[in-house]
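I have placed the structure first, in the form of structure tokens, so that the comments after it can refer back to it.
The values are calculated or read from the model by the stated rules, or taken from the named source; none is laboratory data. Everything numeric in this text was worked out from a predicted model, so none of it was measured. Positions of Cβ are backbone-derived with ideal geometry, glycine not excepted, and every protein chain shown enters the neighbour counts. In case anyone asks, the SASA skips ligands and DNA or RNA and just uses the protein heavy atoms, side chains included. Shrake-Rupley method; radii C 1.70, N 1.55, O 1.52, S 1.80 Å.
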Protein chains: 2
Amino acid sequence: MATFSWTEEEILRCCGSKRFAKEMVSASPFTDLDHTLRSARDIWFNKVDVAGWLEAFAAHPAIGGTSPSVSQWSKEEQSAAMATATDFTLQELVEWNVRYREKFGFVFLICASGRSTPEILSELKKRYSNRPIAELEIAAQEQMKIIELRLARLFNSGVGPNTSTTT
Amino acid sequence: MATFSWTEEEILRCCGSKRFAKEMVSASPFTDLDHTLRSARDIWFNKVDVAGWLEAFAAHPAIGGTSPSVSQWSKEEQSAAMATATDFTLQELVEWNVRYREKFGFVFLICASGRSTPEILSELKKRYSNRPIAELEIAAQEQMKIIELRLARLFNSGVGPNTSTTT
């Protein structure tokens, strides 16, 4: 049976929490993608503490951000948003991101995959009125969606060096 | 009419979040204790971000802790617990505090005023099984009870230098 495992560094590309990466390595090997995702959800929601959530959020660029450190995966996930952005909406997005960060202390997180800039902006404005703890939980759920997409990419990126086949 | 206000330093004795202290100073002067507490609740739950909550939690000694930096107020709040503690329960409390901190990343917070050590220990064990975000919210509610007690002490400690009377 083929089993799958990755290094902490590979897992950190999916989620910037070191505790998440360590726990995923401990929980491996995984039998298939479904097993991987079930373990990831359990670890993210039940074992990573709040500081670990904030650490993972801090590893994301702001939506619309153009820092050179933005990963290729982030760029691809935000490609629909960028394709639908006008200078005006992009400017508004940047301004609302700043307001959001001032209120909540972390970057506005949304699983941007396939979403247009007006949709993202409308969601940001709606979520801005939330209490900080409510917004923390929503951001953690969005982060989980991003982790799932990225783990699937890692999974589908071919047989890694740590994949082993046993009978 | 008498009005009441305090400095950031005085507010920080009630709650270690700098944002809380700044917002309380901005919201002052207060007309009475009830006005003070209503403002404090609004600021704590709606304006202090999650990092600010963690900052406030970090300002507390662990229950049963004997660090020289423990404030007189903390000592007095924990006096019922200490009076009912045996060496055995105290040792158990210390060990569970360590486990709690490892899981959640912050000190176990409970409004200890009037509670016995066995009560606190039983509550700690029960809360240990919570998800990190659920525990964050409970800890924030306990912190609010502590803030209320301390603001009442500040309020009742006599007319401070910033109390003013207008007609």
> When residue B:84 is evaluated against the numbered criteria (1) over 18 Å from the mean Cα position of the chain (by Cα); (2) buried (at least 16 other Cβ atoms within 10 Å of the Cβ), which criterion, by number, is the only one it fails?
Replying inline: (2)
> residue B:92: among the acidic types (Asp, Glu) and within 14 Å of chain A (Cβ to nearest Cβ), yes or no?
Replying inline: no
> Limited to the range A:15-36, what total is found for residues that are under 25 Å from residue A:71 (Cα atoms) and open to solvent by 30 Å² or more (accessible area, probe 1.4 Å)?
Replying inline: 6
>> Among the numbered criteria (1) free of Cβ contacts under 8 Å to residues at least 60 places away in the same chain; (2) within 14 Å of another protein chain (Cβ to nearest Cβ), which one does residue A:44 miss?
In response: (1)
>> For the structure I just gave you, tell me whether residue B:9 is of a type outside the set (Phe, Trp, Tyr) and more than 14 Å from chain A (Cβ to nearest Cβ).
In response: yes
> Quick one: residue A:8 ticks every box in (1) open to solvent by less than 20 Å² (accessible area, probe 1.4 Å); (2) at pLDDT 95 or above bar one, so which box is it?
Replying inline: (1)
> Within the range B:112-127, how many residues turn out to be open to solvent by less than 10 Å² (accessible area, probe 1.4 Å) and assigned to a loop (DSSP other than H, G, I, E, B)?
Replying inline: 1
>> Given the criterion open to solvent by 50 Å² or more (accessible area, probe 1.4 Å), at pLDDT 85 or above and within 28 Å of residue A:105 (Cβ to Cβ), identify the matching residue among B:54, B:149.
In response: B:149
> Residues that are farther than 23 Å from residue B:130 by Cβ and among the aromatic types (Phe, Trp, Tyr): which helices (runs of 4 or more DSSP H) entirely in the range A:1-111 hold 1 or more of them?
Replying inline: A:72-77, A:87-104
